[in-house]
Amino acid sequence: MTTFEVRTFGCQMNKHDSERVAGLLRTQGFLPAEEGTDADVIVFLTCCVRENADERLQGQVASLKALKAVAPDTLIAVGGCIGQRDGEILLRQLPHVDVVFGTHNLGRLPELLIRARTSDVPVVEVLDSGTDFTSDLPGEREHPWHAWVPITVGCDNFCTYCIVPYVRGRERSREMDDIVAQCRDLVADGVREITLLGQNVNSYGRDLYGEPRFAETLRAVAATGIDRIRFATSHPKDLSNETIAAMAELPSVCAALHLPVQSGSNRILEAMNRRYTAEEYLALVKRLYAAIPGLALSTDIIVGFPGETEEDFEATMHVVRESRYAQAFTFIYSPREGTPAALMDNPVPREVTQKRFDRLVKAVNEGAREYNKPLVGTVQKVLVEGTSKRDVRVLAGRTQGNKVVHAPAPNGVDISQLAGKFADIRIEESQTWFLVGTVEGYEPT
Ligand code: 5AD
Ligand code: SF4
């Protein structure tokens, strides 16, 4: 019997791919390793969008040398974006890796592992393109009630700091019929929440149909009867009025939107090749709040892009205050070889970036608290996920705005029976990162 473990870094697409790897390996007779035991096969799904993800992989794989010394038959496979980017070269730094695969040939992993078992040299297979929509492969959902559904892969935007278009290739959309058929199957299988995935979901369909058809896709997915729809990521330049209208009209589409701004300075936005101005972004935010009551807006922000001045950073802080984000992911700029920004002059000194970053995080946390406050006293529909990490008597779930809610389990109810069910929870307290409440009702278990 061969056991496996999948270690995932990076974005939601990798989480989805991890579920595919687990499903694939299971159909080949591999079994997940029990927690605390060493697996026979360790698969890494990697990310190269920022340097620290690269470094973390190096650290983790290097530390497996010791395991290989005592268990030489252990197989280490590295896939995802670093596998795709580096191929063979990866073996120079990490010679004890047995399999390198890319983002286009996930389905070939079992075969590559079998080859590696009998081969004296590492097995490397990276393709320039291929059948990308791994949703066609058997999957094993981490949570039975939630599914990731990729609708596009790749990216055509070439933001100057970003390596994704070089690694993942041009944007390709999946046929709408395939997407909808898969969603229908998922609903029949008991899934309650679907997250549609793509680097830029708003341009979905442009390559296939000559024009974006994301709003239509939202409507078609909603018509499958799924309870909740989320999607990520949206590029502000491509968010259409039709999509805003679909979000406003369709009750199953969560009032939550991830709309990365990256910077609030027009000079920096231009250098980043984002193709919108801060004014256009803020006008869009205004329209969104007007159309979608209670919208939970989230964003990504990069600090310390080459040439960023104090004034540029202040402009970012202004956008943060104006946009009232429910959540924001903040990143320190990390030069990526092969991108235009990596060749730009005027790097911002590390200490300056760090200070700006700390100020930004403070503002972002303040924004999250502000978003949470008015929820106190309301009753929120929460999709229960399981017990809270701190206390097994407390359930944890998410509002449609993606806020974590904790509430004591109702008397005599086993929380594991509630997982994947909706509960009405009266919010009594708000913290920065979660809300606390009392269950007022729940779906029959
Ligand atoms: N440095 C820092 N952050 C980056 N991101 C992408 N590339 C870089 C980089 N080179 C951030 C962007 C993007 C998120 C997924 O990662 O904010 O939206
Ligand atoms: Fe990278 Fe920009 Fe494409 Fe997002 S839209 S993946 S940041 S190039």
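The values are calculated or read from the model by the stated rules, or taken from the named source; none is laboratory data. Keep in mind it's a predicted model, so treat the numbers as computed, not measured. Note: ideal-geometry Cβ built from the backbone for every residue, glycine included; neighbour counts use all protein chains shown. When the accessible area is computed, the model is the full protein with side chains, heavy atoms only, and any ligands, DNA or RNA have been set aside. Shrake-Rupley method; radii C 1.70, N 1.55, O 1.52, S 1.80 Å.
Round to the nearest 10 and report in Å² the accessible area of Arg26, as given by a 1.4 Å probe over the protein chains' heavy atoms.
Around 110 Å² of this residue is reachable by solvent.
Before anything else, pin down the relative contact order of the chain: Cα pairs under 8 Å, at least 6 apart, normalised by residue count, whole percent.
9 percent
Using all alpha carbons of the chain, what is the percent of pairwise distances in each 20 Å bin, ordered from the shortest bin to the longest?
23, 56, 20, 0
What is the calculated FRET efficiency for Ser416 to Glu211, with r their C-beta to C-beta distance and R₀ = 45 Å, to the nearest 0.05?
Given R0 = 45 Å and the Cβ-Cβ separation, E is 0.45.
Check the straight Cα-Cα distances from Lys421 and name the aspartates and glutamates below 16 Å, setting aside those fewer than 8 residues away within the same chain.
Lys421 reaches Glu142, Asp189, Glu193, Asp227, Glu385, Glu440, Glu443.
Taking amide hydrogens as modeled 1.01 Å from N in the peptide plane, which residues meet the under 5 Å criterion relative to Leu435, leaving out close sequence neighbours?
Residues meeting the amide H criterion: Val404, Val405, His406.
Evaluated at 25 °C with a viscosity of 0.890 mPa s, what Stokes-Einstein diffusion coefficient in µm²/s does segment 245-370 have when Rh comes from the Kirkwood expression over alpha-carbon pairs?
Once the numbers are plugged in, D ends up at 161 µm²/s.
Taking each pair of distinct Cα atoms in segment 142-373 once, what is the resulting Kirkwood hydrodynamic radius in Å?
18.6 Å
State the Cα centre-to-centre distance between segment 321-359 and segment 163-222 in whole Å.
Using only Cα atoms, the two centres lie 30 Å from each other.
Identify all lysines with a Cα-Cα distance to Lys237 below 29 Å; exclude those on the same chain that are fewer than 8 residues away in sequence.
Those lysines meeting the cut-off are Lys15, Lys286, Lys362, Lys403.
If you take the square roots of the eigenvalues of the alpha-carbon gyration tensor of segment 309-367 and sort them as a ≥ b ≥ c, do you get rounded (a/c under 1.5), prolate (a/b over b/c) or oblate?
prolate
Through the Karplus equation 6.51 cos²θ - 1.76 cosθ + 1.60, θ set to phi - 60°, convert the phi angles of segment 342-349 into ³J(HN,Hα) values in whole Hz; use x for Gly and Pro.
Karplus values, whole Hz, x for Gly and Pro: 5, 9, 6, 7, 6, x, 7, x.
When you have a sec, figure out the Kirkwood radius of segment 381-427 from all distinct Cα pair distances and drop it here in Å to one decimal?
10.3 Å
Looking only at Cα atoms, what is the convex hull volume of segment 3-125 per residue, in Å³?
Hull volume normalised by residue count: 99 Å³.
What is the calculated FRET efficiency for Gln93 to Arg359, with r their C-beta to C-beta distance and R₀ = 41 Å, to the nearest 0.05?
0.70
Please identify the DSSP H helices in the chain that span no less than 24 Å along the helix axis (Cα) and have a mean Kyte-Doolittle hydropathy of -1.0 or more.
Correct list, ordered by number: 51-70.
If r is the Cβ-Cβ distance from Asn241 to Ser119 and R0 is 51 Å, what FRET efficiency results, to the nearest 0.05?
So, using R0 = 51 Å, E works out to roughly 0.40.
Give me the distance between the Cα centres of segment 381-436 and segment 255-317, rounded to whole Å.
Cα centres, segment 381-436 to segment 255-317: 32 Å.
Largest first and to the nearest Å, give the Cα extent of segment 307-420 along each principal axis.
Result for segment 307-420: principal-axis Cα extents of 63, 32, 21 Å.
Length gain on complete extension for the stretch Asp189 to Glu370, per 0.36 nm per residue less the alpha carbon to alpha carbon distance?
61.4 nm
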